[in-house]
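**Student:** Submitted below is the structure of interest, expressed as structure tokens.
The values are calculated or read from the model by the stated rules, or taken from the named source; none is laboratory data. Owing to the predicted nature of the structure, the values given are computational and were not obtained by experimental measurement. Reconstructed Cβ throughout: ideal geometry from the backbone, glycine too, with neighbour counts over all protein chains shown. Surface accessibility is based on the protein's heavy atoms, side chains included, excluding ligands, DNA and RNA. Shrake-Rupley method; radii C 1.70, N 1.55, O 1.52, S 1.80 Å.
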Amino acid sequence: MTILVSGGSGLIGRRLISCLEQWGHRVLRLVRSRDLASDRAVYWSTSEGGFDWDDSGSIDAVVHLAGESILGRWTEAKKARIRDSRVGPTGNLCAFLAGMASPPSVLVCASATGFYGNRGDEPLGEASPPGEGFLPRVSRQWEAATEPARDAGIRVVNLRIGMVLTPEGGALAAMRTPFRLGLGGKVGDGRQYMSWITRDDLVSVIRYALESDGLAGPLNAVSPQPVTNAEFTRTLGRVLHRPTPFTVPAFAVRLLFGQMGSDLLLASARVEPDRLREAGFRFAHADLEAALNDLLQAKPSIPAR
Ligand SMILES: NC(=O)c1ccc[n+]([C@@H]2O[C@H](COP(=O)([O-])OP(=O)(O)OC[C@H]3O[C@@H](n4cnc5c(N)ncnc54)[C@H](OP(=O)(O)O)[C@@H]3O)[C@@H](O)[C@H]2O)c1
């Protein structure tokens, strides 16, 4: 297949592209600088919605991952960038795909478990309603922005991605050093659920979404074992053979990280992969301890086809 990928330089995109190429697909990247454009990279303007694309070559599938990182202090300007880098560009991309002479058959579009908001220990499947607050609002608008593609008959899968685990970046890389120094500890009361997935399992879920003809709509991309922050903390400490005696109090998290602290680090979302489970999807890492053991003694390999 020829597969168009946005956000290809990111944590997920880099690994996805290398796996897709190893599996024999031709990957075209969407790039945000004309300087990077080539026969393998198409320029798109995320602000204006323009594409340097002559529509001569057909594409079979699209994986849309681009968006401003949600990490960092959520000032009003940062929140605007988080929203505006997702909602408008997704709409523009979908309108562009819908208008192609020969549209791709499938679009796998990133969304996030942030869709569900702060929900205590309520199990959350794809049929659960959205939560309230900034991330649920952005996620809803982001998913709704794929409507033009759906209307054009493109099969759209909205991947509600949980916390992606890889030692190369993101949450696990940020936690590894303090935990290795014996400074790890739970956040707040530690009762908040964390819904996680290893990066290679996520890549396998994306492949599954690309290849499953009958699959459309929201798909929770999380492992079948969401854990509380206290369990995550204990497990990471055990894997690294370090004690985890500390607690970062909730007020300190709010002070240090502002709204991102309360809406992301202290919020609880116990998200279940209902649709993947029903389909019999096989996770390489369903168990957190085994996942962390593998990741932190990483021997890079391409997930099996
Ligand atoms: N990692 C996670 O734990 C996680 C969890 C839930 C959801 N997700 C979602 O999955 C997607 C990919 O995640 P990731 O971890 O790979 O993110 P990432 O490492 O931050 O990469 C995102 C990519 O998006 C592009 N980008 C950055 N800023 C942008 C902006 N202002 N406007 C448009 N594009 C921009 C960049 O790619 P180019 O330079 O190639 O354009 C960047 O490498 C994101 O939408 C993210 O919200 C990730």
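**Student:** Whole Å is fine, so just give me how far the alpha carbon centre of the range 248-271 lies from that of the range 23-84.
**Tutor:** 30 Å
**Student:** Which value in nm describes the separation of the simple spin-label points at residue 41 and residue 277, placed 7 Å from the Cα toward the beta carbon?
**Tutor:** Result: 4.2 nm between the two label points.
**Student:** So, one more: How would 251, 179 line up by accessible area, probe 1.4 Å, largest first?
**Tutor:** Order by accessible area, largest first: 251, 179.
**Student:** Also, quick follow-up: Where does the chain land at 222 nm, in deg cm²/dmol rounded to the nearest 500, when only DSSP H runs of n ≥ 4 count, each adding -39500 (n - 2.57), divided by all residues?
**Tutor:** Using -39500 (n - 2.57) per qualifying helix, the result is -10500 deg cm²/dmol.
**Student:** If amide hydrogens are placed 1.01 Å from N in the peptide plane, which non-local residues have theirs closer than 5 Å to the one on residue 31?
**Tutor:** The list, which skips near neighbours in sequence, is 42, 43, 44.
**Student:** Further question: Provide the per-residue ³J(HN,Hα) series for the range 40-49, in order, calculated from phi with Karplus coefficients 6.51, -1.76, 1.60 and θ = phi - 60°, each as a whole number of Hz, with x at glycine and proline positions.
**Tutor:** 10, 9, 9, 6, 9, 9, 5, 7, 9, x
**Student:** Return the sequence-ordered ³J(HN,Hα) values of the range 220-237 in whole Hz as given by the Karplus equation 6.51 cos²θ - 1.76 cosθ + 1.60 applied to θ = phi - 60°, using x for Gly and Pro.
**Tutor:** Going residue by residue, I get 6, 9, 9, 6, x, 10, x, 10, 6, 4, 5, 5, 4, 4, 4, 5, 5, x Hz, with x marking Gly and Pro.
**Student:** Continuing with this model, one more query. Could you look at the chain and say what percent of its accessible area is carbon and sulfur, using a 1.4 Å probe and all protein chains?
**Tutor:** 51 percent
**Student:** Taking the Cα centre as origin and putting +1 on Lys and Arg beta-carbons and -1 on Asp and Glu beta-carbons, what dipole magnitude results for the range 2-296, to the nearest 20 debye?
**Tutor:** Values: 33 positive and 32 negative charges, 201 e Å.
Around 960 debye, computed over the range 2-296.
**Student:** Just want to confirm a number: the relative contact order over the chain, from Cα pairs under 8 angstrom separated by 6+ residues, in percent.
**Tutor:** Values: 573 pairs, mean separation 57.3, N = 305.
So the answer I get is 19 percent.
**Student:** May I ask you to evaluate 6.51 cos²θ - 1.76 cosθ + 1.60, the Karplus curve with θ = phi - 60°, for each residue of the range 65-70 and list the ³J(HN,Hα) values in order in whole Hz, giving x for glycine and proline?
**Tutor:** Along the range 65-70, the couplings run 10, 5, x, 4, 4, 8 Hz.
**Student:** Now, a different point. Rounded if a/c is under 1.5, else prolate if a/b beats b/c, else oblate: with a ≥ b ≥ c from the C-alpha gyration tensor eigenvalues square-rooted, which is the range 103-209?
**Tutor:** Note, shape of the range 103-209 comes out oblate.
**Student:** Could I ask something else about it? Excluding ligands, DNA and RNA, what is the solvent-accessible area per residue of the chain at a probe of 1.4 Å, expressed in Å²?
**Tutor:** Details: 13690 Å² over 305 residues.
On a per-residue basis, 45 Å².
**Student:** So how tilted is helix 250-260 from the main axis of the chain? Cα-based, degrees 0 to 90, rounded to 10.
**Tutor:** Value to nearest ten degrees: 10.
**Student:** Another question about this same structure. For the range 2-296, give the share of DSSP beta bridges that are antiparallel, in percent and rounded to the nearest 5; count only bridges with both residues there.
**Tutor:** Given both bridge residues lie in the range 2-296, the antiparallel proportion sits at roughly 10 percent.
**Student:** Related question: How much length would be gained if the chain were fully extended between residue 290 and residue 54, taking 0.36 nm per residue of separation minus their Cα-Cα distance, in nm to one decimal?
**Tutor:** Stretched out fully, the residue 290 to residue 54 stretch lengthens by 80.2 nm.
**Student:** Can you give the accessible area of residue 122 in Å² (nearest 10), computed on protein heavy atoms with a 1.4 Å probe?
**Tutor:** 80 Å²
**Student:** Given 209, 70, 296, which one lies farthest toward the positive end of the charge dipole of the range 2-296, if we put +1 on the Cβ of every Lys and Arg and -1 on the Cβ of every Asp and Glu?
**Tutor:** Checked the options; the winner is 296.
**Student:** Using the Cα gyration tensor of the chain, with a ≥ b ≥ c the square roots of its eigenvalues, what is the shape: rounded (a/c below 1.5), prolate (a/b larger than b/c) or oblate (neither)?
**Tutor:** Details: a/c = 1.75, a/b = 1.54, b/c = 1.13.
Judged from the Cα gyration tensor, the chain comes out prolate (a/c at least 1.5, a/b above b/c).
**Student:** Probe 1.4 Å, all protein chains in place: accessible area of residue 186 in Å², nearest 10?
**Tutor:** 60 Å²
**Student:** Rounded, prolate or oblate: pick one for the range 200-296, where a ≥ b ≥ c are the square roots of the eigenvalues of its C-alpha gyration tensor, a/c under 1.5 means rounded, and failing that, prolate if a/b is larger than b/c, else oblate.
**Tutor:** Taking the square roots of the gyration eigenvalues as a ≥ b ≥ c, the range 200-296 is oblate.
**Student:** Same structure, new question: Could you sort 235, 75 by their accessible area in this structure, using a 1.4 Å probe and putting the largest first? It would help to have the intermediate numbers written out before the result.
**Tutor:** Numbers: 235 15, 75 70 Å².
Ranking 235, 75 by accessible area, largest first, yields 75, 235.
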